[in-house]
1. Report the semi-axes of the equivalent ellipsoid for region 57-113 in whole Å, largest first, where each axis is √(5λ) for an eigenvalue λ of the Cα gyration tensor.
2. With point charges of +1 on the Cβ of Lys and Arg and -1 on the Cβ of Asp and Glu, referenced to the Cα centre of region 79-182, which listed residue (Val111, Pro180, Asn131) lies farthest in the positive direction of the dipole?
3. What is the projected area of the convex hull of the Cα atoms of region 147-305, averaged over all directions, in nm²?
4. Considering only protein heavy atoms, what per residue accessible area in square angstrom results for the chain with a 1.4 angstrom probe?
5. Taking the Cα-to-Cβ direction at Glu33 and at Gln243 and moving 7 Å from each Cα, how far apart do the two end points lie in nm?
6. When the C-alpha atoms of the chain are aligned to their principal axes, what extent does each axis show, in angstrom, from largest down?
7. Could you work out how far helix 50-66 tilts from the main Cα principal axis of the chain, as a 0 to 90 degree angle to the nearest 10?
8. Using only the Cα atoms of region 154-242, what do you get for the radius of gyration and for Dmax, in Å?
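The values are calculated or read from the model by the stated rules, or taken from the named source; none is laboratory data. It should be emphasised that the depicted structure is a prediction, and the values quoted were computed from it without experimental measurement. Ideal geometry is used to build each Cβ from the backbone, glycine not excepted, and the neighbour counts take in all protein chains shown. Ligands, DNA and RNA are excluded from the accessible area calculation, which covers all protein heavy atoms including side chains. Shrake-Rupley method; radii C 1.70, N 1.55, O 1.52, S 1.80 Å.
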Amino acid sequence: MNRRTMLATAAAIGIGFVTLATAASADGLPPLEKKDRYKVGFSQMESNNPWRIAETKSFHDTAEKCGWDLIATDAAGSAAKQVADVDSMIAQGIDVLFLPPREEKPLIPAVMKAKAAGIPTFLVDRSVDPNVARPGEHFVAFLGSDFIDQGRRVAEWTLENFKGEKGIIVELEGTTGSSPANDRRKGFDDVMAQHDNMTIVASQSGDFARDLGRQVMETLLQAHPDVNIVYAHNDEMAIGAIQALELAGRKPGEDVLIVSIDGTRDALQAIIDGKMGVTVESSPFFGPLACEVMQRYANGETIEPWVQVKDRIFTSANAAENLAGAY
Ligand code: AHR
């Protein structure tokens, strides 16, 4: 039994965890051997929106080109199941783990167990609580967007394009405790706090889901019928909000400005239809980047703690030309 198999077995059955964890981390992060084929784990958190489906597809599309025997799981929206899925991958002897952690804190045990089992882990698209688990120490690197900047860019676009005098803003937040929800709120709210004519009258989670976004918007509309800006942390909730507003007889794009993040096909279509103002891109196509970074790591390179993805911005100026490539 080699060291990695021994560590993986011990981590899976929960014996000698502390001793073995020390052994695995004595020389820093677990190394990655250079090989033609790798057993790769990709632990998806849920598949209830086009973004997640596009991300999973990107890993599947990359697998053959990158020499991956891919084990992909779907935690169906449960952080506990996502931890269990990672446990199972460790027991199956994966060489490397790509993990989009659903929430910042509950997924920390998965990161720690993978390290203890000698498996290099890359966080993709979302991160964990940096006070507890850090790149270069507990996992190799975070591959993803700057969510604070995304929120900031939405706020700046809104300030430049809102036609009214006083902005009455409803904010639809993403999954509570997730890094994009925390950071997109911070980026947007900090900018708006500097403008006296902008008030965020309500901020509530729609869990990054279209139908919940619609339901939350319906409820918030009762309390705030004078809303004239909706900031959604993702496009799915923005589309849900448009549905709620239309049902209530409002005119999204005319009497309510809708602003959001992601760049999905439905959002680009809503921009073309004049119902939505802007969506700042958050790309789900992580497969090729994951392949490149993993190969660099296997070659012995030190990976930067944050492999940052650059995001475009979609408005009426460019939505139509980007529709064909959207997901
Ligand atoms: O972590 C990225 C976010 O997660 C996307 O914006 C959202 O649509 C997805 O569920």
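1. On the way: eigenvalues 87, 33, 18 Å².
Semi-axes, largest first: 21, 13, 10 Å.
2. Val111
3. On the way: hull surface 40.6 nm².
Averaged projected area of region 147-305's Cα convex hull equals 10.2 nm².
4. 41 Å²
5. Result for the modelled spin labels: 5.0 nm.
6. 68, 37, 31
7. Taking the Cα atoms of the chain, the angle to 50-66 is about 30 degrees.
8. According to the Cα coordinates of region 154-242, Rg and Dmax are 12.1, 33 Å.
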